[in-house]
Amino acid sequence: LLGMLVLSGNFHAPSMMVPNANVKVYHKVDKTYAFAGDEVTFTVSIRNYGSVDAANTVVKFGIPAGFTVVKTSAGSVVGDSVVWEKGTVPGVKSATGVNPTMDSIQIVCRLNNDIEQGRYCTSARVYCDNGFGWTSDEYPNNITTVMERNCVDVVARALTIEKKWNREQINPDNIAQFTIHFENSAKAGWINGGRPG
């Protein structure tokens, strides 16, 4: 069949195919809903599916408004993105398997205290000099029995608790006084989970 397709002009001849790097990027988040002041961790993963090593690979992960980067395991914050200059990503070789073709970083973000309620979706982009780029979508690259999504629903706390105490240190037979203030917040909304519609 391959020979017939090549001779009829309906398929590229294998001798004419030029291999390229084929780098993909995916990401996932550890929480799908959060409150102001919480921290969320994004894991950004790349993999080269091509046989050619990807040269000068760069990953850019966009940070939504209202999120502040606390730390990142690689890369640096540039404007509203975390930029990870990975460099060379090896291609798939039969001798080494697929493990060298993969890498990942973790980005920890804090939700600002004045963040607006709503859904915040993120995306990552990967580029290389000698192959194809890729942009992630809102679904992580996992096979699961339940639907996963990279979006974070930011909601108001339904119950706020504030605890204070009258001393920093205590010894046996000392008395410490704790004050606990709790409030049922009327600002709390509801989480619209599941698929759109």
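On the given criteria, is Val82 within 21 Å of Glu39 (Cβ to Cβ), β-branched (Val, Ile, Thr) and assigned to a strand (DSSP E or B)? Considered against the rule, which asks whether it is within 21 Å of Glu39 (Cβ to Cβ), β-branched (Val, Ile, Thr) and assigned to a strand (DSSP E or B), Val82 comes out as yes. The listed residues are Val18, Val70, Val25, Val58, and the only one of them that is assigned to a loop (DSSP other than H, G, I, E, B), aliphatic (A, V, I, L, M) and under 27 Å from Val89 (Cα atoms) turns out to be Val18. Scanning the range 1-51 for residues that are aliphatic (A, V, I, L, M) and closer than 25 Å to Asp137 by Cβ yields Ala21, Val23, Val25, Val29, Ala34, Val40, Val44, Ile46. Restricting the range 5-61 to residues that are at positive phi and either modelled with pLDDT under 95 or touching a Gly at 6+ places or on another chain (Cβ under 6 Å) (or both), the residue that is least open to solvent (accessible area, probe 1.4 Å) is Gly37.
Would the range 12-21 turn up any residue that is aliphatic (A, V, I, L, M) and touching a residue at least 12 places away in the same chain (Cβ under 8 Å)?
We begin by selecting, within the range 12-21, every residue aliphatic (A, V, I, L, M); these are 13, 16-18, 21.
Filter once more, keeping what is touching a residue at least 12 places away in the same chain (Cβ under 8 Å): 21.
There is at least one residue in the range 12-21 that is aliphatic (A, V, I, L, M) and touching a residue at least 12 places away in the same chain (Cβ under 8 Å).
Checking each residue in the range 107-152 for being in a strand (DSSP E or B), among the hydroxyl-bearing types (Ser, Thr, Tyr) and within 16 Å of the chain's Cα centre (by Cα) picks out Tyr120, Thr135. Restricting to the range 77-126, name every residue that is open to solvent by 70 Å² or more (accessible area, probe 1.4 Å), closer than 13 Å to Arg47 by Cα and β-branched (Val, Ile, Thr). Hit for the range 77-126 is Thr88, nothing else. When the range 150-175 is filtered for residues that are touching a Pro at 6+ places or on another chain (Cβ under 9 Å) and open to solvent by 90 Å² or more (accessible area, probe 1.4 Å), nothing remains.
The values are calculated or read from the model by the stated rules, or taken from the named source; none is laboratory data. Everything numeric here is computed off the predicted structure, so don't read it as measured data. Heads up, the Cβs are rebuilt from the backbone with ideal geometry, glycines too, and the neighbour counts pull from every protein chain shown. For the accessible areas, the whole protein counts, side chains as well, though only heavy atoms, and no ligand, DNA or RNA atoms are used. Shrake-Rupley method; radii C 1.70, N 1.55, O 1.52, S 1.80 Å.
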